[in-house]
Amino acid sequence: MSSHLSQGTSGAVRRFAGRVARGSVGHPMLEGINYWDELKDSPSQMEICFAIFVNVLELDEHGQPVNEKYAERRAATWLHQYCTRELPAGEAELEPWECELY
């Protein structure tokens, strides 16, 4: 196995970062929530958001992501809960392993 991320995994992380930066992560779950206002003074919260995405992201035997949208939804769930103090409708509570920082 390679010691580098696969192109698919690298692309998944790049796409997620782009959506976060554009304010479109988890659309439509975060519609109307300006998470940048909530996070601008607390970069460690953004670290948790990225940790959730990467912790939830699953790879196949070739290192290719198989659940990119689900990983994004879990990160968006955390952002929603952080900004509104409420769990989005229909979403399960985040598990401790999802939020783990390594």
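The values are calculated or read from the model by the stated rules, or taken from the named source; none is laboratory data. None of the values given here were measured: they were computed from a predicted structure. Note that each Cβ is placed from the backbone with ideal geometry, even for glycine, and that neighbours are counted across all protein chains shown. For the accessible areas, the whole protein counts, side chains as well, though only heavy atoms, and no ligand, DNA or RNA atoms are used. Shrake-Rupley method; radii C 1.70, N 1.55, O 1.52, S 1.80 Å.
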Angle between the chain longest axis and helix 43-56 axis [Cα atoms, degrees, rounded to 10]:
50 degrees
Rounding to the nearest 10 and keeping the result within 0 to 90°, find how far the Cα-based axis of helix 7-22 lies from the longest principal axis of the chain.
20 degrees
For the chain, size of Cβ-based charge dipole, Lys and Arg +1, Asp and Glu -1, in debye
420 debye
Fraction of accessible area attributable to carbon and sulfur, the chain (%, probe 1.4 Å)
52 percent
Solvent-accessible area per residue, Å², over the chain with all protein chains present [probe radius 1.4 Å]
63 Å²
Contour minus Cα-Cα distance for E95 and D60 (0.36 nm per residue)
10.4 nm
If the only charges are +1 at each Lys and Arg Cβ and -1 at each Asp and Glu Cβ, what is the size of the charge dipole of segment 1-48 around the Cα centre, to the nearest 20 debye?
320 debye
Can you tell me the order of 67-78, 43-54 when each peptide is scored by its average per-residue count of other Cβ atoms within 10 angstrom, highest first?
67-78, 43-54
For L87, L59, give the ranking by accessible area with the largest first, probe 1.4 Å.
L59, L87
Tell me, what HN-Hα J-couplings in whole Hz come from the Karplus equation 6.51 cos²θ - 1.76 cosθ + 1.60 at θ = phi - 60° for each residue of segment 77-82, using x for Gly and Pro?
4, 5, 4, 4, 5, 5
Would you mind checking segment 42-62 for residues with the amide N under 19 Å from a putative spin-label position 7 Å along Cα→C-beta of Y82?
42-57
Equivalent ellipsoid semi-axes, segment 50-102, via Cα gyration tensor eigenvalues times 5, rooted, Å
22, 12, 8
Expressed in nm to one decimal, what extension gain is obtained for the pair D41 and Y102 from 0.36 nm per residue of sequence separation less their Cα-Cα distance?
19.8 nm
Run the Debye formula on the Cα coordinates of the chain, all scatterers equal and no solvent, and tell me log10 I(q)/I(0) at q = 0.12, 0.15 1/Å.
-0.38, -0.59
Taking Cα pairs under 8 Å and at least six residues apart, what relative contact order does the chain come out at, in percent?
31 percent
